[in-house]
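The values are calculated or read from the model by the stated rules, or taken from the named source; none is laboratory data. Since the model is a prediction, treat every value here as computed from it, not as a measurement. Ideal geometry is used to build each Cβ from the backbone, glycine not excepted, and the neighbour counts take in all protein chains shown.
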Amino acid sequence: MVILKTELGILYQGDALEILRKVPNNSVDLVLTDPPYGLENVSVIKRNGGKFGKAKAIGANLDKQVISGISYKDWIPLAYEKLKPAGVLITFCQKMDISDIAKFLEKELGMVVRHIGVWHKTNPPPQARKVQWMNAWEPFIIATKNKGSGHHYNYKEGQFSDVISTPICMGNERTQHPAQKPLKLFHPLVRWWSFEGDVVLDPFLGSGTTAVICEKLKRKWIGIEINEKYCKISKERILNEAKQLKLF
């Protein structure tokens, strides 16, 4: 079901595995997504005070339930078929799955893993139980459909590190999605690994971060999200971004 259409993109509500089959093969330049690979120990973290006064509690509205995961073996082959010959796939994953996914991409699909990147959280949630270190990083994998050069990499943007350091979402950017990724994290992923006018696909759009960045950077986009509540969050964020762009 179509939830939203803008000049650049379209948001579907439904099962990604079903809707992906309807997307034409060889039609997408970049697949960028943060699939639901499971959340544990979701807790409420409050950050009050600071230079600009009180900030919204990070975990004030987070879902308490654990999100069930989806196997990369189910969705990645479908996403791979949608990529153009010079297409790029970027997916976040669990730390324990890095090696398995990388091997699957290269041995089963014939892709080339270009980076095992890291999101460094500059303000990780503290460990309430005090039995281990704070979880301050999450991995992402960048792979290309082609070997050698020629894939969509915007080298004219200059040098950039495969470690991206940003805070976790706080304040006005924070929504009710428990695994929301910050705009500052997805911005360089879209900026360097696609070009203006490219088609970007996110099969697990969640809170809409990929679509918002695509609106900012003038990329066409396709978003899929099964959860009605998260579709509403995405729709609101995307429309707000579109309005801001028209103002300026």
Are any residues in segment 200-229 surrounded by 22 or more Cβ atoms within 10 Å (Cβ to Cβ), farther than 19 Å from residue 246 by Cβ and not polar (S, T, N, Q), and if so, which ones?
-> 200, 201, 202, 203, 204, 205, 206, 222, 223, 224, 225
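Of the residues in segment 118-161, how many are outside any loop (DSSP other than H, G, I, E, B), surrounded by 10 or more Cβ atoms within 10 Å (Cβ to Cβ) and either more than 18 Å from the chain's Cα centre (by Cα) or among the charged types (D, E, K, R) (or both)? Explain how you work it out, then say what you get.
At the first step, the residues of segment 118-161 found to be outside any loop (DSSP other than H, G, I, E, B) are 118-121, 137-144, 155-157.
So of that shortlist, the ones also surrounded by 10 or more Cβ atoms within 10 Å (Cβ to Cβ) come out as 118-121, 137-144, 157.
Right, trim to either more than 18 Å from the chain's Cα centre (by Cα) or among the charged types (D, E, K, R) (or both) and you get 121, 138, 157.
Of the residues in that region, 3 qualify.
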Could you check, for segment 216-233, whether at least one of its residues is under 13 Å from the mean Cα position of the chain (by Cα) and either in a loop (DSSP other than H, G, I, E, B) or free of Cβ contacts under 8 Å to residues at least 12 places away in the same chain (or both)?
-> no
Hey, can you tell me all the residues within segment 162-198 that are assigned to a loop (DSSP other than H, G, I, E, B) and either among the aromatic types (Phe, Trp, Tyr) or in contact with a helix residue (DSSP H, G or I) (Cβ under 6 Å, 6 or more places away or on another chain) (or both)?
-> 175, 177, 181, 195
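From the list 74, 15, 34, 63, which one is of a type in the set (D, E, K, R), under 19 Å from residue 177 (Cβ atoms), modelled with pLDDT of 95 or more and surrounded by fewer than 20 Cβ atoms within 10 Å (Cβ to Cβ)?
Values: 74 fails: under 19 Å from residue 177 (Cβ atoms); 34 fails: surrounded by fewer than 20 Cβ atoms within 10 Å (Cβ to Cβ); 63 fails: modelled with pLDDT of 95 or more.
Matching residue, one of 74, 15, 34, 63: 15.
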Residue 143 vs (1) more than 24 Å from residue 24 (Cβ to Cβ); (2) in contact (Cβ under 8 Å) with a residue 40 or more places away in the chain; (3) among the small types (Gly, Ala, Ser): all pass except (1)
Hits in segment 84-96 (condition: buried (at least 17 other Cβ atoms within 10 Å of the Cβ) and more than 17 Å from residue 154 (Cα to Cα)) = 91, 92, 93
